[in-house]
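Novice: Please read through the structure below; I'll follow up with questions.
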Amino acid sequence: MDIQLATRPMQPDDEERLYRLWPRLSPDTVYRRFHSPIRALPDETVHHLVDVDHDRREAVVATVGDEVVGVARYDRSPADPSVAEVAVLVEDAWQGVGLGRQLVTTLADLARRRGVRTVTATVQADNDRMVWLIRRLFPGSTMTVDSAVYEIRSPLTEPSAGTPEPPATAGATALLSRWG
């Protein structure tokens, strides 16, 4: 079945959509994203995700209808704004169909255009899907293992000349195949 997914920057009114996303996440998905078994979504986490300035802090979401099904975000380092930490979360029902790749690619394009030259991430070493995604999207990554967690550092290459502004700045729709 083909589904239309809209990808766009996070908006202040996405807060309630993030609360609605939480019950659709498995304990494994929550653990892999937050590295901890969190039972309830902390209000400060939601506020942090939604409160973006679209420069130092950015987040993009994928939506189906009025529901958020995926989020990717970056936070620039206060000490070095050319470095940003990246994280992604995709609802279980949408994992494995390219949505994470779409979100991370959109986010990386925005980050490059805003002067980010290196992205970092913390990923559990046994999170094969995320490790594969990073290796595919950022082939120059270095992965250092520390207590069964990869500390990842990836250079961002310059966008090629004439590359149009990524669709996330204005909103975009992608067609992904969903099985299940």
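Novice: Does the range 39-49 contain any residue that is touching a residue at least 24 places away in the same chain (Cβ under 8 Å), surrounded by 15 or more Cβ atoms within 10 Å (Cβ to Cβ) and over 18 Å from L133 (Cα atoms)?
Specialist: Yes: the range 39-49 contains one or more residues that are touching a residue at least 24 places away in the same chain (Cβ under 8 Å), surrounded by 15 or more Cβ atoms within 10 Å (Cβ to Cβ) and over 18 Å from L133 (Cα atoms).
Novice: Being among the acidic types (D, E) and more than 24 Å from S147 (Cβ to Cβ) is the requirement here; does D53 meet it?
Specialist: Considered against the rule, which asks whether it is among the acidic types (D, E) and more than 24 Å from S147 (Cβ to Cβ), D53 comes out as yes.
Novice: How many residues does the range 75-104 contain that are farther than 22 Å from V46 by Cα, free of Cβ contacts under 8 Å to residues at least 40 places away in the same chain and touching a Leu at 6+ places or on another chain (Cβ under 8 Å)?
Specialist: Final tally of qualifying residues: 1.
Residues are listed down the side, and each one gets a yes or a no for (1) within 19 Å of I152 (Cα to Cα); (2) of a type outside the set (A, V, I, L, M):
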position	(1), (2)
S26	no, yes
R33	yes, yes
L41	no, no
V60	no, no
A72	yes, no
S77	yes, yes
A93	no, no
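Novice: Hand me the list of strands (runs of 3 or more DSSP E) wholly inside the range 70-180 holding 2 or more residues that are at pLDDT 90 or above and surrounded by 13 or more Cβ atoms within 10 Å (Cβ to Cβ).
Specialist: 83-90, 118-124, 149-155
Novice: Name the residues in the range 58-76 that are under 12 Å from the mean Cα position of the chain (by Cα) and of a type outside the set (A, V, I, L, M, F, W, C), would you?
Specialist: E58, G70, R73, Y74, D75
Novice: Just give me the residues in the range 63-74 being over 23 Å from I134 (Cα atoms), in contact (Cβ under 8 Å) with a residue 12 or more places away in the chain and not charged (D, E, K, R), in sequence order.
Specialist: Residue satisfying the conditions is V64 alone.
Novice: Can you find a residue in the range 10-21 that is under 22 Å from V116 (Cα atoms) and surrounded by 12 or more Cβ atoms within 10 Å (Cβ to Cβ)?
Specialist: yes
Novice: Can you tell me which residues in the range 22-38 are farther than 20 Å from V97 by Cβ, surrounded by 14 or more Cβ atoms within 10 Å (Cβ to Cβ) and among the hydroxyl-bearing types (S, T, Y)?
Specialist: Scanning the range 22-38 gives a single hit, Y31.
The values are calculated or read from the model by the stated rules, or taken from the named source; none is laboratory data. This is a predicted model, so every value here is computed, not measured. Every residue, glycine as well, gets a Cβ built from its backbone with ideal geometry; the counts of neighbours run over all protein chains shown.
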